[in-house]
Amino acid sequence: MKQLTHYDIENNQQSFPITIVCDAIRTPENIGMCFRISESSGVSKIYLHESSPSIENRIVKKTARNTIQQIPHSTYNDFEQLIHQLKEEGNVIIGIEITDESIDISDYDFSPHSKIVLLLGSERNGIENVNLVDATVAIPMYGRNSSMNVIHSLAIALYETTNQLKEKKLK
């Protein structure tokens, strides 16, 4: 067995109709990792709140590596306005959040939706106005802790979403 390098691997590049909205993420590492995991998952676009660390931030750049140049992104300042705009553009808004109505992520059917927004809440306060979302999904937790890092949640959500959308394409 031989471990492969980046030069040995050719990914099956795909783009999915998935947009990420980062609702006031505060940590530069999380912004950088959002770009990195989103690019590797074929995400179409990322929205960052204007109060989040800038893509010019040294730590954001270091963590994101070269993915900032590879994925379209914009900033916003009005959360409700952005969510309404995305809904008008035909997106379903899925919050990655623990609520009393959250659906286990593996039980949620992403495949009927032609355009999906995965909404990430801030590290401290969660989603600003959870009542604006169309649904919330939660990741089952089996330890004592009730939550995980926001970008780990995004990685799991993107894995589940893209697997379902990929299966839909194959049918």
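The values are calculated or read from the model by the stated rules, or taken from the named source; none is laboratory data. Everything quoted here is computed from the prediction, not taken from an experiment. Neighbour counts run over all protein chains shown; Cβ positions are idealised from the backbone, glycine included.
Figures for the structure shown
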{"quantity": "Selection within the range 61-81 - in a helix (DSSP H, G or I) and either of a type outside the set (S, T, N, Q) or closer than 20 Å to V133 by Cβ (or both)", "calculated": "K61, K62, A64, I68, F79, E80, Q81"}
{"quantity": "Scan of the range 113-166 for residues that are among the small types (G, A, S) and touching a residue at least 12 places away in the same chain (Cβ under 8 Å), ordered by number", "calculated": "S114, G121, S122, G126, A135, A138, S146, S147, S153, A155, A157"}
{"quantity": "The range 76-101 residues that are under 19 Å from A24 (Cα atoms), paired with ones that are part of a loop (DSSP other than H, G, I, E, B) and at pLDDT below 95 (beta carbon under 6 Å, 6 or more apart)", "calculated": "F79/E128; G95/I127; E97/G121; E97/I127"}
{"quantity": "Out of A24, A64, sole residue that is within 18 Å of V150 (Cβ to Cβ), at pLDDT below 95 and surrounded by 13 or more Cβ atoms within 10 Å (Cβ to Cβ)", "calculated": "A24"}
{"quantity": "Hey, L48 within 29 Å of K168 (Cβ to Cβ), out of contact with any Pro (no Cβ under 9 Å at 6 or more places or on another chain), surrounded by 11 or more Cβ atoms within 10 Å (Cβ to Cβ) and without any contact (Cβ under 8 Å) to a residue 40 or more places away in the chain or not", "calculated": "yes"}
{"quantity": "Test result for E56, out of contact with any helix residue (DSSP H, G or I) (no Cβ under 9 Å at 6 or more places or on another chain), at pLDDT below 95 and not small (G, A, S)", "calculated": "no"}
{"quantity": "Residue count for the range 7-53, restricted to those that are out of contact with any helix residue (DSSP H, G or I) (no Cβ under 8 Å at 6 or more places or on another chain) and part of a strand (DSSP E or B)", "calculated": "1"}
{"quantity": "Scope the range 70-128; condition small (G, A, S), farther than 23 Å from M33 by Cβ and touching a Leu at 6+ places or on another chain (Cβ under 7 Å); matching residues", "calculated": "S111"}
{"quantity": "Subset of the range 102-143 that is among the charged types (D, E, K, R), more than 16 Å from the chain's Cα centre (by Cα) and at pLDDT 95 or above - its residue that is nearest to P17 (Cα to Cα)", "calculated": "D109"}
{"quantity": "Residues satisfying the stated conditions in the range 11-37, i.e. touching a residue at least 60 places away in the same chain (Cβ under 8 Å) and under 18 Å from V92 (Cα atoms)", "calculated": "F16, P17, I18, T19, I20, V21, C22, D23"}
